Every structure is written in C-alpha cells, then in structure tokens.
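J.: Below: one structure in structure tokens.
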Amino acid sequence: MPIRQRPPFATTFAVLVALAAAAPVAPAATRPFSAKDLVTLSRLSEPRLRPDGGAVVFTLRETDLEGNRAVRSLWQLDLAHPGAEPQRLTAAGSNAWSAHWSADGRALYFLSNRSGSAQVWRITDGLGEAQPVTRLPVDVNAFRVAPSGRQLALSLDVFLDCTDLACTRDRLAARAASKASAMRFDELFVRHWDTWSDGRRSQLFVADLDGDGAARGEPRLVSRGVAGDVPSKPFGDDSEFSFSPDGATLYFDARRGGREEAWSTNFDVYAAATDGSTPPRNLTADNPAWDAYPLPSPDGKRLYYLAMRRPQHEADRFAIMELDLASGRRREVDPDWDRSAGPLKVSADGHTLYTTADDLGEHPLFAVDVASGRVRRLAAQGNVSAFEVGADGIVFARDAWTAPSDLYRLARGRETRLTQVNAARLRDVAFGEVETFQFAGWNGDAVHGYVVKPVGFEPGKRYPVAFLIHGGPQGSWLNDFHYRWNPQTYAGAGFAVVVVDFHGSTGYGQAFVDAISEHWGDRPLEDLQKGW
C-alpha cells in the first residue's frame, strides 16, 4: 500500500480526485464484498502448536445462516507435510473451542458444550471419540493444562459465599424458578456488554486428573480471598493465568471487586499454590496501576508480566516487566520501546520474549531480547491476532484490510502461508483497494489515515464518501479484517471510505495516545477536519 502525503486541509472533492490515481477496474463478473459475506465467512482463531511442532490445531467458527447461529469446531493441520489440508477433529454441528495440548503432545484438551454445559473434553493421540474430562455442575469459562498433565486450572463462575459448586448451581436454579424478575444492585458493574451481573465471580480452581485423564473430586479454589474475576471481564482469556514449570504455582491477574471497581485499573498479579494450602500472594501490590498477563520463564526463576505506571489510565503504555522470584528485584525489559505490548510468549531457551503491539496502523509480531531489550519486528503487515512459539518456528493467525484470518508460519526468516479457509467463498469477491496517507494534524504532528476505494472504481467518476471514526477513544484503524466496523462493506456498496487515526490513537507512541486526555472534543476534531 503506497504512502502519499496529503495537504493539511482536504475536501470531499480532493478525496474523490485522489481516488482517480491508479487502480485497475475490477472484472465485470466479479461481485463486490457485502455485509452478508462478512457474517458468513469462516473465522479462524486460537492456533495451538503441538509441542513437537508437527501439527497445529485451530478453532474455526462457521455460520449457519438458516439456523441463525454460529458453530465452532477444531481442525488440525499437519505441518510435517507441506501442502497438507486441514482435517476436522470435532464433529460438525457440535461446538468446540479453546484447545490446549498436554506437554507430551499426546492429549488435546478443549472446551465443548456437547453435554449441555461448557466442560473440558479430551482427544488422545488424535484418535477416537472425545472423552469428557470434567462433569462439573457449572460451566468452565477457561482452562490450562499443568506441565505434568495431572492437573487442570479452571475458571468457574461461582458465588463467593458458596462452599462448593453445587451451591452455585442450586442458587441459580432457584432464581430461574422464581416468579420475581427484579434485580437489585448496590455497586458497579451491573452489566458487561450483553450480560447482566448476577453476583457470581470468575474464580480459579485446580482439578486433579486420574490415570485415565478424567477430573476426580471437587476442584480446589486457589484464588480464595481475591474477590475479582479471573480472567477479567468482559474480554479476558486464558492468557491471564499460567502454571509455573513445576506445576506448584498458578500465576494470575485480577482487579479487586467492590464499589470502586468500575473506575479502577488497579489489576495485580498473584501467585497461588495449586494445592490450595495458602492464600494467594500479591506480587505487585506496590503498583497502583495495571499489572497483567503473567508468564514464568522456562526455568521458573523469573516472572514476566505487563505493567502500566499511571492509576486509572486504561490506555497507558504496557511495559514488559521481569520479576526475580527469589530476590524480588524487578526491572523493565523494554524501556526504550515506545509501544504498548500485548500478552507474552517466551522462547524455550528463555532469551527471547514474543509479543504483538499496535504500530503505525499495523498490529505485527515482535521479538524482544530479554537481556538488552532490543526489539525486532517479525511479521510485518496486517493484524497478528494470535501466535504460538515452537522450537522450529512460529505459527500465527493474521488478517488484513482485504483478507480474513489465516494461518502462517515463520521459520528461519521465511514466512509461509498455511491455510486459505475462505478461498471458495471469496473466489469471485472483489475488495476495495486500500491507500494510506499522512497529513499535518493538531500541533503540526503527523497524522495517519486511509482511503479504501469503492469496488469497481472508475477513474473520473464521482463517489459518495463514508467517513468512519473509530471509538475507544484510544484505538486505531488497524490493517485488520474487522467483524463490526469493516470498511470493505462500504466499499462494496459503492462508497469511498476515509478513516483517520486522530490524536489519541494507539500505535504512534504514548505521547500521541495521551494527547486526547482532557481534549476529547478539540484535538481529535481538528485532526478529523484536516484529514477530511
């Protein structure tokens, strides 16, 4: 995508004239991308690399338009044989997601609601029917497999005053049977997106597994006394908790509940004994801002996590921190990198951390040298939504303005595409060409924006313009394939699309993000006016 300069003030006419610059007319038989295409495309996510690197399992969400529902299933791709096609692992029509391998790669654990509630299931050696691992009276939100393969960490929604899981089940059943429908709240949050708070909290439990891989007995509550949600709501996932290499400790992050929760960003990282013998220890109590995504080093001596510096600033920079678990000494790994890191993965030798971050309209993959803090950009364009690090390379999911998510592999400096899950659906679909631009916005700062040309663009022809403004307000118009605000649906409908990453947008340095604070209505507006 070429970069071109724009004058400080641009008009609708200028946008239309700029669109005349070089794009071949799409073949007449090619149909434009539509909103129906958007909702019916398969959505690939959650790549899980087998420990030996010989296969990757991923989740595929497929739309049943007639049934007005979506179904998730697990697929496996053989990496040892280039050109192999993905094979379905779980039955069509039944939901399965969030797979995790055992450390020896012989067992694949995953979540499924085929029994009527979300429970952990298991496939052994890639053969035969899946077998249930948990049969709990409540749903499993998320889980992790211990390195030994003899324990599971489970996130379960429970009432904090209940002493067992049956208590939560029975209380929910009593509420469902009651004729009263009123709800009473005396603190926030009362709702996350489309889900009302019902008094339960997502808590961490540990279940022991028997020789056949089934959970035995009542799981142990290990986050006792931490009245927050693990993982966090509404967007948290299993990257917010992890086992130590010896399996004796669970590290997790949580924000304490209570009357101040709704305006607090004070997450802390905790260490909890997996046997439940001691209450969790707060490892970051000295930082009143956000600490999250704990990841132990391969030798178990250090803990890596992300940390913000300023309380109540949800868009502060996430720095990569290292905590020496023996001495308590901590240091920032990447002090010279002016980007906000995402959840971390670590190389087997412990020398390199991997992460993603917004960067100039992209969301690529980065490698961070633990000793020096030096950062290298690995997978360049597009949005790397998930990745797995193996001994022989990295497998990642990536999407872009003109491409829904697929799997790629990066090994020995060479990038290879592994899947094309929507090839048949997109065979005759045309996308609008994307062009980037820069202009001088508020304070003369460089501001980035994008133009998406209408499908079938013809030079000299006038087109209506859709001027899209991102929310957040700290966010970005990334080079990604968004399933809520996708400019290609407008381009397919005959619009030219203009988007601007105004002051406050992420990926351009923390000062650019902070510029919106207490200036919600002036600096971003000036950027939008000049970018238009």
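The values are calculated or read from the model by the stated rules, or taken from the named source; none is laboratory data. Note that the structure is a prediction, hence the values are computed from the model and not measured. A quick note on method: Cβ atoms are made from the backbone with ideal geometry, for glycine too, and the neighbour counts reach across all protein chains shown. These area figures cover heavy atoms from the full protein model, side chains too; ligands, DNA and RNA do not enter into them. Shrake-Rupley method; radii C 1.70, N 1.55, O 1.52, S 1.80 Å.
J.: Answer with one residue from Met308, Gly328, Ser340: the one whose Cα lies farthest towards the positive end of the charge dipole of region 283-373, charges on Cβ with Lys, Arg +1 and Asp, Glu -1.
T.: Farthest towards the positive pole: Gly328.
J.: Give me the accessible area per residue for the chain, probe 1.4 Å, as a whole number in Å².
T.: Result: 47 Å² per residue.
J.: Once you keep just the Cα pairs under 8 angstrom separated by 6 or more residues, what percentage relative contact order results for region 351-477?
T.: 13
J.: Leaving out ligands, DNA and RNA, what percent of the accessible area of the chain is carbon and sulfur, probe 1.4 Å?
T.: 51
J.: Using a basic spin-label model with each label point 7 Å from the Cα along Cα→Cβ, how many nm lie between Arg106 and Asp198?
T.: About 3.9 nm separates the two model spin labels.
J.: So, in the chain, how many Lys pairs have Cα atoms under 29 Å apart, if the pair is 8 or more places apart or on different chains?
T.: 8
J.: Using helices alone, I'd like the mean residue ellipticity at 222 nm for the chain: each DSSP H run of four-plus residues gives -39500 (n - 2.57), total over residue count, nearest 500.
T.: -2500 deg cm²/dmol
J.: In whole angstrom, and with the biggest value first, how far do the Cα coordinates of region 56-131 range along each principal axis?
T.: On the principal axes, region 56-131 reaches 38, 29, 18 Å in Cα extent.
J.: Please report, in whole Å³, the volume per residue of the convex hull around the C-alpha atoms of region 229-327.
T.: 106
J.: Got the relative contact order for region 380-431 handy, in percent, Cα pairs under 8 Å and 6 or more residues apart?
T.: 23
J.: Using the Kirkwood radius over C-alpha pairs as Rh, can you work out the diffusion coefficient of region 472-532 via Stokes-Einstein at 10 °C, viscosity 1.306 mPa s, in µm² per second?
T.: Rounded to a whole number, D works out at 126 µm²/s.
J.: Normalised by the residues of the chain, what does the relative contact order come to in percent, with Cα pairs under 8 Å and at least six apart?
T.: Relative CO of the chain lands at 13 percent.
J.: Using 0.36 nm per residue, how much length does the chain from Asp186 to Ala424 gain when fully extended, once their Cα-Cα distance is taken away?
T.: Using 0.36 nm per residue and subtracting the Cα-Cα distance, I get 80.5 nm.
J.: Whole percent per 5 Å bin, from 0 to the bin with the longest distance: what is P(r) over all C-alpha pairs of region 138-198?
T.: Spelled out per bin, shortest first, that is 4, 13, 16, 22, 21, 10, 6, 5, 2, 0.
J.: Right, next: Please list, in chain and number order, the residues 5+ apart from Ala70 or on another chain whose amide H is under 5 Å from its amide H, with Hs placed from the backbone.
T.: Asp64
J.: May I pose another question? Once you place label points 7 Å from the Cα toward the Cβ at Arg150 and Asn282, how far apart are they in nm?
T.: Distance between label points: 3.4 nm.
J.: What is the mean projected area of the alpha carbon convex hull for region 350-449, to one decimal in square nanometres?
T.: The directionally averaged projection comes out at 8.7 nm².
J.: Exactly which trypsin sites (Lys or Arg not before Pro) in region 93-199 are in a DSSP loop and have at most 12 other Cβ atoms within 10 Å?
T.: The qualifying sites are Arg135, Lys179, Arg184.
J.: Now for a different question. When the Kirkwood hydrodynamic radius is evaluated over all pairs of different C-alpha atoms of region 394-532, what value in angstrom, to one decimal, is obtained?
T.: 16.7
J.: Sequence-distant or interchain residues sharing an amide H contact under 5 Å with Ala430, placed H: which?
T.: Under 5 Å from the amide H of Ala430 lie the amide H atoms of Arg31, Phe33, each far enough along the sequence or on another chain.
J.: To the nearest 10 degrees, how steep is helix 165-177 against the longest Cα principal axis of the chain, on a 0 to 90 scale?
T.: 60
J.: Loop-only check: which chymotrypsin sites (Phe, Trp or Tyr not before Pro) in region 177-237 are DSSP coil with at most 16 other Cβ within 10 angstrom?
T.: Of the chymotrypsin sites (Phe, Trp or Tyr not before Pro), the ones in loops of region 177-237 whose Cβ has at most 16 other Cβ atoms within 10 Å are Phe185, Phe189, Trp193, Phe235.
J.: Hey, if you drop one equal point scatterer on each alpha-carbon of region 35-97 and run the Debye formula without solvent, what base-10 log of I(q)/I(0) do you get at q = 0.13, 0.16, 0.19, 0.24 Å⁻¹?
T.: Taken in order of the listed q values, log10 I(q)/I(0) reads -0.39, -0.56, -0.73, -0.99.
J.: With only Lys, Arg, Asp and Glu charged, each at its Cβ (+1 for the first two, -1 for the last two), find how big the charge dipole of region 202-248 is about the Cα centre; round to the nearest 20 debye.
T.: 240
J.: As a test of understanding, state the convex hull volume per residue of the chain from its alpha carbons, in Å³.
T.: Cα convex hull per residue, to the nearest whole number: 173 Å³.
J.: Per 0.36 nm of contour for each residue apart, how much would the distance between Ser178 and Arg31 grow if the chain were fully extended, relative to their Cα-Cα spacing?
T.: Here the answer is 47.6 nm.
J.: Grab the Cα-Cα distance for Leu525 and Thr436, subtract it from 0.36 nm times how many residues apart they are, and report the gain in nm with one decimal.
T.: 30.1 nm
J.: Which cross-chain or sequence-distant (5 or more) residues have an amide H under 5 Å from the amide H of Gly382, H modelled 1.01 Å from N in plane?
T.: HN-HN under 5 Å from Gly382: His363.
J.: Sticking with this one: Provide the per-residue ³J(HN,Hα) series for region 255-260, in order, calculated from phi with Karplus coefficients 6.51, -1.76, 1.60 and θ = phi - 60°, each as a whole number of Hz, with x at glycine and proline positions.
T.: With coefficients 6.51, -1.76 and 1.60, one gets 9, 5, x, x, 5, 9 Hz.
J.: Report the Cα centroid-to-centroid distance between region 418-484 and region 45-67 in angstrom, as an integer.
T.: Here the two parts' Cα centres lie 27 Å apart.
J.: 7 Å from Cα along Cα→Cβ at both Asp78 and Ala511: what's the point-to-point distance in nm?
T.: Result for the modelled spin labels: 5.5 nm.
J.: Can you list the residues of region 227-241 with backbone N under 14 Å from a point 7 Å past the Cα of Asn113, pointing along Cα to Cβ?
T.: Those under the cut-off are none; the list is empty.
J.: Okay, next question. What are the GluC sites (Glu not before Pro) within region 213-284 that DSSP puts in a loop, where the Cβ has at most 13 other Cβ atoms within 10 Å?
T.: Here the GluC sites (Glu not before Pro) that fit, given the DSSP loop and packing criteria, are Glu260.
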